[in-house]
Amino acid sequence: MQPNVVSLVSIGRHPQSGRARRAEQDGRGVELGLKLAGEKLSVLHVGNPEEPVLRQYVGMGLPAMTVLKQDETADAVPALSDYLQQEKIDIVLTGVRSESGESSGMVPYLLAEKLGWPVVARVADIVSIKDGVAEVLLALPRGQRRSVTVKLPFIASVDNAAAPARQSAFGPGQRARMESVNTHGEVDQIRVNWQEAPAKPRPKRLKTVKAKTAADRFKAATAKPQGGSGKVMKNESAAEKAKAIFDLLIEENVIR
Amino acid sequence: MSDIIRRDPRREWIARNRLHPLHDSVANAVQGEVRGPSGLLRKNPHQVGSIGPNGLKRIDRLKGNAVAGVGNKRSAANQETVLPLHKVDNPDFYIVVVPDMIGGRLSGHDKDILGLAHTMTSTIEGTGAVVAVCFGESKEAHYDLAGVDRLIHLSASEYEGFAPEARLTALTHIEAQLAPKHWLFPDSIHGGSDLGSRLAARLGERPATQAWQVSSEKTVCRGAGGSLDITRQTPRILMLLEECGEAIDETRHEALAIEVDGISVSEPALQDKGLMDVDPSAIPLAEAEFILSAGNGIHNWDQFHKAATILGATEGASRVAVDDGFMPRFRQVGATGTWVTARVYLAVGISGAIQHMQGIGQCDKVVAINTDAGCDMVKRAALSVIGDSEEILAELMLLAQARKKGSQEEQSDAA
Amino acid sequence: MVIDWLPSILIVVLLALGVIGALRRISLWRAGQPEKVNLIAGLMAMPGRYLNDLHHVVERDKYMSRTHVATAGGFVLSMVLVIAVYVFHVEQKIVAWLLLGALVLMLCGAFFVFKRRLNPPSRLSKGPWMRLPKSLITFALTFIVLTLPVAGVLPEGFGGVLLTLILSVGVIIGLGELIFGMGWGGPMKHAFAGALHLAFHRRPERFGGGRSTGLKPAPLGDESHGVAKPSDFKWNQLLGFDACVQCGKCEAMCPAFAAGQPLNPKKLIQDMVVGLAGGTDAKYAGSPYPGKEVGHAKGGANNIITAGLIEADTLWSCTTCRACVEECPMMIEHVDAIVDMRRFLTMEKGDTPNKGSEVLENIIATDNPNGYAPGSRTNWAADQNLPVIKEKKQADVLFWVSDGAFDMRSQRILRSFVKLMKAANVDVAILGDEERDSGDVARRLGDDATFQSLAKRNLATLSQYSFKKIVTTDPHAYHCLRNEYADFDTEGALKGVEVLHHTTFLNQLVQAGALKLDTFKGGKVTYHDPCYLGRYNGEYEAPRDLLRSLGIEVAEMERSRFRSRCCGGGGGAPITDIPGERRIADMRMEDVTATGAELVAVGCQQCTAMLEGVVEPRPEVKDIAEILAGQLIEEVH
Ligand SMILES: Cc1cc2nc3c(=O)[nH]c(=O)nc-3n(C[C@H](O)[C@H](O)[C@H](O)COP(=O)(O)OP(=O)(O)OC[C@H]3O[C@@H](n4cnc5c(N)ncnc54)[C@H](O)[C@@H]3O)c2cc1C
Ligand code: SF4
Ligand code: SF4
């Protein structure tokens, strides 16, 4: 049985240029969806159906996608949950966090709450679906994975550790159908009062020295700053050199 | 380092001489530049002076001249200091922190948030208590020093491991029992942001995520993929980035237990099947945190592979090593290979061609083993050792083996 | 008597069959897409093109050119006369003698063909091609014997029935190969298809010493993009494939083939022939794609090429260096075909290998292949005091910086060039952050949509300013601006603007005495011709002149100028990075080392990167601008 899968996609933002793009995690979500449902995958976006970036999602080999037409200032969740309630769906895939807007990562949770479905966060892969139960791999730091099973239907947010999105092809992307559905969005009232500004670089926390004695204080005051250019060991014995490397590995906590 | 304190008469003289052009820099040198969570440059009043050996704050009005008085080495540094106890008797409100407790201990991130919770408490009217909610087995011995006024420890087996649903049920109970003013979660991949989002969705609260400048009134959080700062009213639920506050270090706290009763956890929809056994050599290069990378300067390949296994490192390679057939293609690091993000990148016999360097741009610490002290990899590395790769790898393996043995013995001692 | 008539009848029958075959062949070509060609003018120009242009290429191999003139000339002449004598029964003795003369000429040629085939170099195809000289000789000998009585040397009816029968067999063999085979796909097909290919060539500008190297724009927005099936090629491209003589000159020059990557331009063209006619490559008797076995490829005019005929890796191995095109005596356009097929893979299949998709995505989102912040494009020039044209609105020279702006190594070249321009007081400006990638890589990777978008946006920017020249240090951008942007330049942004490579421009400055240069005292120097400067744009002299002006006598590599071997950096090849047995750059570095040079001068940042990627010890690599800047005598004011 092929499951009914919906991948939710948003308009991404390139971290360097700030330009709209296929969002990294949403792309992976579509990729995972294609793996599970093939061409029958539904791709869903809330917003402007004319947005050219959407072509990059369908360019991954989909004949069509659905756009719930809605103003940009409106909240996407009501429209989404209304729509998802109508269809018979097994799995909804989203990114962990969008690249534009609030980037709160709340969409999967809010949908899950509204639909009463379980939500699985940071999915690296959906390994199998058997008898209405899916085996899911969750991404943990450092390439570690946790295996979890969950009953259909559920919502999963797709992590960066999932298989990368395949290349988007220009031709199919241009030819795919955009099925636009009119929805009445509610303006996001809370957000209206927010102020937005380009992100300020966060100052790195300085190591403040809390000296216990005056001597410590003075030492801290006069110590040469660490860092700068790297340390080069030339004339020490091989054992000493190895020890220096080993100490660094321990200090960095990569040796356990 | 030597513990002998050496006097610097010139410095002392400058410190005494208020008219000396360098006086300020010497007198205030201890303080450094401190930025508060609000991003403003602040003089940290706590840093004026220091905590004396008896745990009391002492302001050194001699501006460093006192050094002169401490002529001989003291063992003061080794003395256990007893910090003043911060007591909250009848709290008017609670701020609840749900730490990640990686490995059963409070992480640095957790402690920052506890610190922030106290900063918030102090600016809200009434007396507040900071509550920590900990799930599963706890190895933490110092809740008191991290700023935990009240502790809710839920150690039942249903909270153990991966149990977001059970934990959420517990949190909703706590919500009903304590009606906390704020819920603070670490915005982390260790479960904090997941649990926080679940609670927010359940309670119908609009949380602030990726928050990094928080006061009881205003919150600045990152948006749009980290490219935007959104300033908003501080909501009830916050998920906080690292270094959002200063960890507590000058007070002790009661860490009184609060009991939460009557939580009934239903059968979870998500069934934990446990951690997968992931072999370091099977971790995709892009995700690996410690890479041992081989270049044209490796001549003993058996040894190299063995070293990677013993050190528990993921293997990488330069293009030459791949071209020559010693390493598979998917191990290539660089412009035409993988761009890696390892915390430690140990480059053995790699010269550091631009195309290779492109691939390690995001690595934290690069360590080079190379015979050529002038090569570009050495210029990039935080630590370089100049010498034959085979020899140094052999020594490294000895060290790693010795350490393994040591820790095994330790374990058997403890048993 | 029937027997006497036999040769004549055979000739007529074989001629007729040949014509039928030819018509069938033509119908195969017509399966291709329409392309407007001036048929009459093309046919009129054909003999001239054969005698000048094609011969010019063949002439590089004196032995072969003479052999071919004798054989082909003798054959064409004798065929006309054979028809005159044996079909129309022109009975003048003089004609018979003429025929004899032509046949002897042909026989001599055929003999030399035979000799070459005794021990053929590996680039030549075997199989039916091995029998060709024998067929040629049979033809010549048969008709000589047949004509002797007509010329009155031998008595009429000499040899009787037996000889007539033997001669008839000879006629069948000879004409079977030469006339029947021409129409039905034998080796002689090349003469028929080749002649028409010359007449209806897709790039007529190439004839008469011209140059036409810019890729043709892909139409966007249709049901499919690029070439998926042989029938998606233009009809005259299909005709071009059929003209291949399997001489393997292309194979011998192809850097990818030499590096053991799975590409052989000759086999590629032959596979195209298999595709257009339908069938398998089992009869192919030349070198295979390295590492791939011959005989498994199957194709048809309406079958997807990459599903069974050619593997995608073959297409992605090409560096678009044009060495094959330059070398091909039939003037076949390999690169056009390869890029056409890549267009399908990228724009329809989304299947650009390796880093390809990432690079294309970066270009789309940031206008540079590595995804750097577009706002940091001018960072390299922070200390260069270079005016930005947005503020000046006009300048004599617009310096097109190219994506080298983001790369530390290339920045050294850029700075050197700026230093030289400053020394010569050139009124120069840059586009600054308004510049975008030229689209070169996107286009060669088959993403013409992205190329066209970049071209249009770059042109829109350029059209706002006024300048006389565009100079660039990047031959790839140079090629795009000079040869490929014109197709999209509706506003005339580049009208009347001279696009120059920095070596050409610097040479002008040096010739005008605007730069004072010290003689170069280093060791031996050789020069590597970048493909996109040399073969694509014909600039071989300026870089050499510049080196000469420093007193450098260039120690030429065996493969230089139009035969220069690619560094491996073009066509997105380093991005798709198809594995081979060797690295192309390593082979080029061996060429350099063979001259004993300590320094190799180049005129391209990509070549610099590729050659410097060769493991040390190796000669030093420097752009000509860097060498010049090092020898610049700066005037102290
Ligand atoms: C387009 C392009 C793309 C490329 N992409 C990549 C890429 O993705 N990744 C990549 O790695 N390269 C890439 N390269 C190749 C790159 O330019 C270099 O050639 C390559 O990285 C060099 O590999 P290396 O450092 O292992 O070898 P070398 O340059 O030969 O360096 C070997 C080093 O080992 C040291 N050494 C020798 N013996 C010993 C010993 N006994 N003990 C210790 N040290 C020793 C030497 O001092 C030297 O520094 C690319 C090149 C090009 C042109
Ligand atoms: S363009 Fe160059 S690499 Fe491509 S087939 Fe021709 S010779 Fe080979
Ligand atoms: S394509 Fe041209 S060069 Fe190559 S074998 Fe055919 S005729 Fe010769």
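The values are calculated or read from the model by the stated rules, or taken from the named source; none is laboratory data. Not measured: the values here are computed from a predicted model. FYI the Cβ positions are ideal-geometry reconstructions off the backbone, even for glycines, and counts take in every protein chain you see.
So the values come out like this:
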quantity	calculated
In segment A:22-60, the residues that are hydroxyl-bearing (Ser, Thr, Tyr) and within 14 Å of another protein chain (Cβ to nearest Cβ)	A:Tyr57
Any pair with Cβ under 7 angstrom, 6 or more apart, that starts in segment B:324-350 at a residue that is away from chain C (no Cβ under 11 Å) and ends at one that is more than 10 Å from ligand 1 (Cβ to nearest atom) and among the polar types (S, T, N, Q)	B:Thr341/B:Gln362
Filtered residues of segment C:308-321 (kept if part of a helix (DSSP H, G or I) and surrounded by fewer than 24 Cβ atoms within 10 Å (Cβ to Cβ))	C:Ala312, C:Asp313
Whichever residue in segment C:224-235 is buried (at least 24 other Cβ atoms within 10 Å of the Cβ) and away from chain A (no Cβ under 14 Å) and, among such residues, is nearest to ligand 2 (Cβ to nearest atom)	C:Phe233
Some residue of segment B:330-348 being away from ligand 3 (no atom under 16 Å from the Cβ), out of contact with any Asp or Glu (no Cβ under 6 Å at 6 or more places or on another chain), modelled with pLDDT of 95 or more and more than 16 Å from B:Leu285 (Cα to Cα)	yes
Hey, B:Ile291 in the same structural domain as B:Asp376 (by TED's automatic domain parsing) and more than 8 Å from ligand 1 (Cβ to nearest atom) or not	yes
Test: C:Lys456 is assigned to a strand (DSSP E or B) and not small (Gly, Ala, Ser)	no
Evaluation of A:Arg19 against (1) within 14 Å of chain C (Cβ to nearest Cβ); (2) in contact (Cβ under 8 Å) with a residue 40 or more places away in the chain (one fails), failing number	(2)
One residue from C:Ala301, C:Ala285 being out of contact with any strand residue (DSSP E or B) (no Cβ under 7 Å at 6 or more places or on another chain), in a loop (DSSP other than H, G, I, E, B) and within 14 Å of ligand 3 (Cβ to nearest atom)	C:Ala285
Filter result (facing chain B (nearest Cβ under 7 Å) and touching a residue at least 24 places away in the same chain (Cβ under 8 Å)) within segment A:113-149	A:Pro118, A:Val120, A:Ala121, A:Arg122, A:Val148
Pairs, first within 14 Å of chain B (Cβ to nearest Cβ) in segment C:250-279, second hydroxyl-bearing (Ser, Thr, Tyr) and within 16 Å of ligand 1 (Cβ to nearest atom), C-beta under 7 Å, six or more apart	C:Gln261/C:Ser317
Test: residue in segment C:582-597 that is in contact with a helix residue (DSSP H, G or I) (Cβ under 9 Å, 6 or more places away or on another chain), within 12 Å of another protein chain (Cβ to nearest Cβ) and assigned to a loop (DSSP other than H, G, I, E, B)	yes
Output for segment C:547-564, where each listed residue is within 23 Å of the chain's Cα centre (by Cα) and either outside the structural domain of C:Pro617 (by TED's automatic domain parsing) or surrounded by fewer than 23 Cβ atoms within 10 Å (Cβ to Cβ) (or both)	C:Glu556, C:Glu558, C:Arg559, C:Ser560, C:Arg561, C:Phe562, C:Arg563
Members of segment B:86-96 that are touching a residue at least 40 places away in the same chain (Cβ under 8 Å) and closer than 13 Å to B:Ala179 by Cα	B:Pro91, B:Phe93, B:Tyr94, B:Ile95, B:Val96
Test for A:Val136: is it β-branched (Val, Ile, Thr) and surrounded by fewer than 19 Cβ atoms within 10 Å (Cβ to Cβ)	no
Strands (runs of 3 or more DSSP E) wholly inside segment A:125-202 that include at least 2 residues being under 30 Å from B:Glu217 (Cα atoms)	A:195-198
Residue pairs meeting the criteria (Cβ under 7 Å; at least 6 apart or on separate chains; first assigned by TED's automatic domain parsing to the domain that holds B:Trp339, in segment B:360-377; second away from ligand 2 (no atom under 16 Å from the Cβ) and among the charged types (D, E, K, R))	B:Asp364/B:Arg343; B:Lys365/A:Glu252; B:Lys365/B:Arg343; B:Val366/B:Arg380; B:Thr371/B:Asp388; B:Ala373/A:Lys234
Number of the exception - B:Glu267 against (1) more than 8 Å from chain A (Cβ to nearest Cβ); (2) touching a residue at least 12 places away in the same chain (Cβ under 8 Å); (3) part of a loop (DSSP other than H, G, I, E, B)	(2)
B:Gln401, sole failed condition from (1) more than 8 Å from chain A (Cβ to nearest Cβ); (2) without any contact (Cβ under 8 Å) to a residue 24 or more places away in the chain; (3) surrounded by fewer than 18 Cβ atoms within 10 Å (Cβ to Cβ)	(2)
Helices (runs of 4 or more DSSP H) fully within segment B:299-415 counting 2 or more residues that are more than 8 Å from ligand 1 (Cβ to nearest atom) and touching a Gly at 6+ places or on another chain (Cβ under 8 Å)	B:376-380
Selected residue [away from ligand 2 (no atom under 16 Å from the Cβ) and in contact (Cβ under 8 Å) with a residue 60 or more places away in the chain] from C:His501, C:His528	C:His501
Residue match in segment A:78-96 (condition: β-branched (Val, Ile, Thr), surrounded by fewer than 22 Cβ atoms within 10 Å (Cβ to Cβ) and closer than 20 Å to B:Gly226 by Cα)	no
Filtered residues of segment C:600-609 (kept if under 23 Å from the mean Cα position of the chain (by Cα) and away from ligand 1 (no atom under 11 Å from the Cβ))	C:Val602, C:Gly603, C:Cys604, C:Gln605
Residue list for segment A:1-16, restricted to those being more than 14 Å from chain C (Cβ to nearest Cβ) and closer than 18 Å to A:Arg55 by Cβ	A:Ser7, A:Leu8, A:Val9, A:Ser10
Whichever residue in segment B:310-319 is more than 19 Å from A:Asn253 (Cβ to Cβ) and either surrounded by fewer than 24 Cβ atoms within 10 Å (Cβ to Cβ) or under 31 Å from the mean Cα position of the chain (by Cα) (or both) and, among such residues, is farthest from ligand 2 (Cβ to nearest atom)	B:Glu315
Residue satisfying all of: in segment C:565-599; free of Cβ contacts under 8 Å to residues at least 40 places away in the same chain and under 21 Å from the mean Cα position of the chain (by Cα); nearest to ligand 1 (Cβ to nearest atom) among these	C:Pro574
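Residue-by-condition table, conditions (1) surrounded by fewer than 24 Cβ atoms within 10 Å (Cβ to Cβ); (2) within 14 Å of ligand 2 (Cβ to nearest atom):
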residue: C:Pro219; (1), (2): yes, no
residue: C:Asp222; (1), (2): yes, no
residue: C:Gly240; (1), (2): no, no
residue: C:Ala258; (1), (2): yes, yes
residue: C:Gly275; (1), (2): no, no
residue: C:Thr280; (1), (2): yes, no
residue: C:Asn303; (1), (2): yes, no
residue: C:Ala323; (1), (2): no, yes
residue: C:Ile332; (1), (2): no, yes
